[in-house]
Amino acid sequence: MQGNSGTMRTQFFSPNVDRTEVVDQTMQLCSSAKGLILLGSHPVYGGTTISHPTYSPDNFLFRINPDGSKEVFTCDYLKQCSPVNLETF
């Protein structure tokens, strides 16, 4: 990330081709009443400018709850959501 934007690389198993694929996507950081949101767009095959035909961009919500606990969720544009384990280094 440089400022509020950057690129994220994601590796995933694609059942369409029965193998692991790599996608790069543009990420934009925004704030909301629910926390910080990292919005993905323009997924391309990793290391290229060729659009990926089936990958739905990722979106992440980072929030700190009133009790101080932290939560991170990912939701794509198909509304498939799941919790994320956050590790700090």
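The values are calculated or read from the model by the stated rules, or taken from the named source; none is laboratory data. Predicted model, so just to flag it, every value in this text is computed and none were measured. All Cβ positions, glycine included, derive from the backbone under ideal geometry; neighbour counts span all protein chains shown. Heavy atoms of the whole protein, side chains included, go into the accessibility calculation; ligands, DNA and RNA do not. Shrake-Rupley method; radii C 1.70, N 1.55, O 1.52, S 1.80 Å.
Some points to look at:
- Scope region 59-89; condition assigned to a loop (DSSP other than H, G, I, E, B), over 20 Å from residue 28 (Cα atoms) and among the charged types (D, E, K, R); matching residues: 67, 87
- Scan of region 37-50 for residues that are farther than 20 Å from residue 13 by Cβ and open to solvent by 80 Å² or more (accessible area, probe 1.4 Å), ordered by number: 42, 49
- Checking each residue in region 2-58 for being among the basic types (Lys, Arg) and assigned to a strand (DSSP E or B) picks out 9, 19.
- Being at pLDDT 90 or above and open to solvent by 50 Å² or more (accessible area, probe 1.4 Å) is a property that holds for residue 20.
- Hits in region 24-47 (condition: touching a residue at least 12 places away in the same chain (Cβ under 8 Å) and more than 16 Å from residue 75 (Cα to Cα)): 24, 44, 45, 46, 47
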